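The values are calculated or read from the model by the stated rules, or taken from the named source; none is laboratory data. Only a predicted model underlies this, so the values are computations on that prediction, with no experimental measurement involved. Note: ideal-geometry Cβ built from the backbone for every residue, glycine included; neighbour counts use all protein chains shown. Protein only, heavy atoms only, side chains kept; ligands, DNA and RNA dropped before computing areas. Shrake-Rupley method; radii C 1.70, N 1.55, O 1.52, S 1.80 Å.
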Amino acid sequence: MRSLQPVRGTRDILPDEMRRHRAVINCARNLAERYGYREMATPIFESTEVFQRTLGDTSDIVTKEMYTFPVREEGDSVTLRPEGTAGVARAYISNSLQQQVPIKYFYSGPMFRHERPQKGRQRQFHQVGVELLGVAQPLGDVEIIALGDHILRALGLGDAIKLELNTLGDPESRSAYRTALVEYFSAYEDKLSEDSRGRLHRNPLRILDSKDENDRRIVENAPAFGDYLNDQSRDFFAEVCAGLDALGLEYALNSRLVRGLDYYTHTCFEFTTTRLGAQGTVLAGGRYDGLMETMGGPATPGIGWAAGIERLSMLLEGQAIEGPRPIAVVPAARAQEAAALHLTHDLRHKGFAVELGYSGNLGKRMKRANKVNARAALILGESELAQGSVTLRDLDTGEQELVALDALGERLAAFR
RNA sequence: GUGGGCGUAGCUCAGUUGGUUAGAGCGCGUGGUUGUGGUCCACGAGGUCGUGGGUUCAAGUCCCAUCGCCCACCCCA
């Protein structure tokens, strides 16, 4: 029986949910395209090194969350992608795309992380994402963030979400700050929570965001990132902020906003909501100027974000997303079934969504028409067909009329 | 990986201090209507009470184990 359950952390997406899912994807794809981001796709699994090298050996994803499998060729190992950027970066290098910079890509698809499932978190989940490669200017950051904001607003989530912004500086600033943090926190090592003691050498920036009450007291007097940013990093961030201001995009600076993946530099941001419990991040990303070199490719700046389709889809619950309303073709009796089949086929080829029941008398078929939310029913009876006509019934108003078959396409235009 | 909560019909749930054939609403099916849906009425199908063991004359109810789901931590979309 256990095998008849989906594997833990995975689930089926049935049509009602799939409709919301698709609304999210379509909205993101259409707007991304408007901003010049072209859709592409990478494989859902890659050589394990692709993720190991890019995400950082200490990141949670690499140390405990990857679905990794050995493959036949000795020593080879592949991993189901836990996120999208590494694959895009690999594709950039594999295809020698440095010639075509700046590159603007949109993608969507499943991602896999072996985590304990909870609200808004599955082991297979889906993301839409964009990447902008080869643009070192803050204008790129501004555009990327503006696109994310545009999509969330277009989905009707404008007042459900807020934007948080931070800078991680360039590698020089970041490592100077990191050193200062380690030095500061080391003095309190035995007072820190167990979690934070672990973070001290793995990712000290994380301690800043600890939820432990005692940690927070220690954090209060910790060195501030602002004091360790070099001029270049400070100027860069100021320009990003100025760009967002110019567009009227509201944001909250959050110096504790840290990314888990090693490849981020400079700008990082999250759009969050309070409506999803503990998993409030709905769209997040940042700049990753060092990533390409880390992977052994040509130095190329990059910035991008990814959004969780399930999380966005959950926020859309309650918003009715209507599917197309079909026209139901209803033969009155067996004798009219052949004519009904023929008419159905003809109307489908003319571009109408048409439902033809597979069995049942007229009453059954009308019930069925109602159930599939049909806009209208075309009733084919002996008397109608004798006149080369059908009965057209408007299922919202209940009004019906006789329509000649050769005028049907035109008459039906209103019901499309 | 750690902590907590919950498993009764397709769904949401009720089920008294353990006590006869385990219930409701919604949904589904059939009929009322052999050429007319939605509303209404009647009838009906559907449950190894998550699973296994134990206590007891008797277990949906108590005990143990196990599996699953949910929520939170960690971390993230």
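Data overview
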| read-out | value |
| --- | --- |
| Nearest 10 degrees, 0 to 90: helix A:138-154 Cα axis against chain A principal axis | 40 |
| Total lysine pairs under 29 Å (Cα atoms) in chain A, excluding pairs fewer than 8 apart on one chain | 11 |
| Residue order for A:D149, A:D195 - accessible surface, 1.4 angstrom probe, largest first | A:D195, A:D149 |
| Cα gyration tensor, chain A - rounded (a/c under 1.5), prolate or oblate | prolate |
| Beta bridge orientation in chain A: antiparallel %, DSSP, nearest 5 | 80 |
| Solvent exposure, largest accessible area first (probe 1.4 Å, DNA, RNA and ligands not counted), of A:K104, A:K211 | A:K211, A:K104 |
| Gaussian network model of chain A, Cα within-10 Å springs - most flexible of A:G351, A:G302, A:G169 | A:G351 |
| Long-range HN-HN contacts of A:S77 with modeled amide H, under 5 Å | A:T48, A:V71 |
| Heavy atoms of A:F45 accessible to a 1.4 Å probe, total area in Å² rounded to 10 | 110 |
| Estimated vicinal HN-Hα couplings, Hz - region A:160-177 in sequence order (Karplus 6.51, -1.76, 1.60; Gly, Pro = x) | 9, 10, 9, 9, 10, 9, 7, 10, 9, x, 7, x, 5, 4, 5, 6, 5, 5 |
| Point-to-point label distance, A:H345-A:S359, nm (Cα→Cβ direction, 7 Å offset) | 2.3 |
| Rounded accessible area of A:S193 (nearest 10 Å², 1.4 Å probe) | 20 |
| Solvent-accessible area per residue for chain A (1.4 angstrom probe, square angstrom) | 52 |
| Residue-wise HN-Hα coupling along region A:216-223, computed from phi with Karplus coefficients 6.51, -1.76, 1.60 (Hz; x: Gly, Pro) | 4, 5, 5, 5, 3, 9, 5, x |
| Amide H contacts of A:V354 (H built 1.01 Å from N, under 5 Å, at least 5 apart or other chain) | A:I327 |
| Choice from A:N361, A:N30, A:N221 showing the highest fluctuation, given a GNM over chain A with Cα pairs closer than 10 Å | A:N361 |
| Per-pair calculated FRET efficiency, R0 = 25 Å: A:S255 and A:R153 via Cβ, rounded to 0.05 | 0.45 |
| Label zone at A:E49 (point 7 Å along Cα-to-Cβ), backbone N below 12 Å, region A:280-295 | A:295 |
| Using a Förster distance of 35 Å, the FRET efficiency for A:A278-A:N221 (Cβ separation, nearest 0.05) | 0.80 |
| Rounded if a/c under 1.5, otherwise prolate or oblate - region A:327-415, Cα gyration tensor axes | rounded |
| Cβ charges +1 (Lys, Arg) and -1 (Asp, Glu), total dipole of chain A, debye | 1580 |
| Spin-label pair A:Q5/A:V372, simplified geometry with 7 Å Cα→Cβ offset, distance in nm | 3.6 |
| Accessible area, probe 1.4 Å, largest first, for residues A:Y263, A:Y184 | A:Y184, A:Y263 |
| ³J(HN,Hα) computed for each position of region A:378-387 - Karplus, 6.51 cos²θ - 1.76 cosθ + 1.60, integer Hz, glycine/proline x | 10, 9, 10, x, 4, 5, 4, 4, 4, 9 |
| Where labels lie 7 Å past Cα in the beta-carbon direction, separation of A:E410 and A:R202 in nm | 7.3 |
| Highest-fluctuation residue, A:Q118, A:Q99, A:Q400 considered, GNM on chain A with Cα pairs under 10 Å | A:Q400 |
